[in-house]
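Notes for the one structure printed next.
The values are calculated or read from the model by the stated rules, or taken from the named source; none is laboratory data. Owing to the predicted nature of the structure, the values given are computational and were not obtained by experimental measurement. Here the Cβ positions follow ideal geometry from the backbone for every residue, glycine too, while neighbour counts run over all protein chains shown. Please note that ligands, DNA and RNA were not included when accessible areas were found on the heavy atoms of the full protein model with its side chains. Shrake-Rupley method; radii C 1.70, N 1.55, O 1.52, S 1.80 Å.
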Amino acid sequence: MKKNVKGVAFVLATALTLSTMAIGTNTKLLGVDVVSAATTGETTAPKTTTNPKTTVPKTTVSKTTNVSQLSGKLTRLIALHSCGEDVKLVQTLLNKYGYNLKVDGIVGPKTLAAVKSFQKKNGLKVDGIVGPKTFAKLSPTVVQTKTQESAVKEEKVTVKIGKVDYAAHGTKCFTVAVAAVAGDKIVAAYFDDYQYMPTSAAKGVPNSDADFGKNYPQGYVLGSKLTNADYYSQNMKTKANATVPIDKNFEAIRKYVTGKTIAELEATLSSTTKEKMVDAVSGATLEDTYGYVTAIVNAAKAAKDDVSIQVDAKDISNIKIGKVDYAAHGTKCFTVAVAAVAGDKIVAAYFDDYQYMPTSAAKGVPNSDADFGKNYPQGYVLGSKMTNADYYSQNMKTKANATVPIDKNFEAIRKYVTGKTIAELEATLSSTTKEKMVDAVSGATLEDTYGYVTAIVNAAKAAK
């Protein structure tokens, strides 16, 4: 009996040695990501390359995660190419902060960019690796359970808005670009070009038939390309055989930037030539696509916390944006108003007036020193009141003893409308006289406060 036991032991030891040698010669060493994937449950044996006929049986392991169920802490570092259930959790948490990631459990370029963006915003080392410190910032109040979906608390994200005037396309027009952002992510964007167009073919901006229009060159009006999309698209077709209308081009660019982070877009712009940028944007054919994307990125970077609102993270993907040109204040200027809405609620708004101002005192819009500026009346430039807030505010003080600067007035009106529904604002407008509206808006002193609030409401109603 003892001899038989020794014989069996010898056979087993020999088999074990041979199997170990076989594995050592016929398989690759498992990398850290393969190993971590194996701890998440459903696994497939690694492929072999030395001997195609060799097969490794599928292994079943207990389904666990790399997140401690009790402490809510990671048990490994997550980096580029990491995969597993814990990666899914990190992606889910990032999405709660406004990042629009696919929750696939794999750290690819987009997840890596989101991690770096989050680290930068939270004063962490920007290395793209999710360790204890980054995870603690991601989930300060999360207690992990077996069901990760129920572990993530509903988050609030801050939405703010920025605007720039830019020379995105040639020298004959200027671009107004507006972007609403949540964290580093653009959640809504709008832009339009303004150009002098023939009076016989185009519709001018508001007050073109009033004092503002008296400054136009003979036979021309200042018009928005989107308002005059049919005319401008036909012009593109005639002169350059363009097949995609201007409004469809602008829409394609807006779709491209929406949902992307500033970091993502800047990385694309820095690695793509101006000529090749159009190929990156599905549906766009404009050679100056690069310029329009750059304008939107600059608008997003100009967003400030002075007027912002907390929005449920789940509502971010439902934000829409609208824009109108309006005669909000007198007859010597026109207003560009933009509003981002979630449902019926205005979550971000921006507006600015454009007026002809003395060259000696004011800064003109982009391309004022180029072809666009050749249409100006002698001694004047077309300028933004926000860009020229100091000059315009001093002018208000001198002529009307105004005590609140124009930019502070505009800020007060933006704060007033932000967070309110279209229905609320319409009810207030209908029950308040134009003269009394200024009393309803804390911090505002402009007699045309009613007009600016109306412009923003109309922009919100135009959101698509």
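Brief remarks on what is shown
- Whole-Å distance, taken between Cα centres, linking region 309-332 and region 167-209: 15
- Heavy atoms of the protein chains alone define the surface here; on that basis region 177-245 has 43 Å² accessible area per residue at 1.4 Å probe size.
- Cβ-defined net charge surrounding PRO405, 13 Å radius [Lys, Arg +1; Asp, Glu -1]: 0
- Centroid-to-centroid separation of region 351-402 and region 404-421 [C-alpha atoms, Å]: 21
- Unsatisfied cross-links (Cα-Cα over 18 Å) in the set LYS345/LYS461; LYS96/LYS314; LYS304/LYS461; LYS255/LYS415: LYS304/LYS461; LYS255/LYS415
- Principal axis extents of the C-alpha atoms in region 251-323 (largest first, rounded to whole Å): 39, 22, 22.
- Separation of the alpha carbons by more than 24 angstrom is noted, of LYS163/LYS420; LYS239/LYS464; LYS239/LYS301, for LYS239/LYS464; LYS239/LYS301.
- When each of the peptides 266-275, 454-463 is scored by the mean number of other C-beta atoms lying within 10 Å of its residues, the order from highest to lowest reads 454-463, 266-275.
- Hz values of 3J(HN,Hα) by residue in region 176-182 - Karplus curve (6.51, -1.76, 1.60), Gly and Pro given as x: 9, 10, 10, 9, 9, 10, 10
- Spatially proximal aspartates and glutamates relative to LYS434 (Cα-Cα < 17 Å; intrachain offsets below 8 disregarded): GLU424, GLU426, GLU447, ASP448
- With the simple model of a label 7 Å out from the Cα in the direction of the Cβ, GLU275 to GLN218 spans 4.2 nm.
- Separation of the ALA423 and LYS133 label points, Cα + 7 Å toward Cβ, nm: 4.9
- Surface exposure of region 264-402, expressed per residue as accessible area with a 1.4 Å probe, stands at 45 Å².
- Protein accessible area in region 165-305, 1.4 Å probe - carbon and sulfur %: 47
- Within the shell of other residues whose beta carbon sits under 9 angstrom from the beta carbon of ILE161, the net charge comes to +4, with Lys and Arg scored +1 and Asp and Glu -1.
- Modelled FRET efficiency - R0 35 Å, LYS408 with LYS125, Cβ distances, 0.05 increments: 0.35
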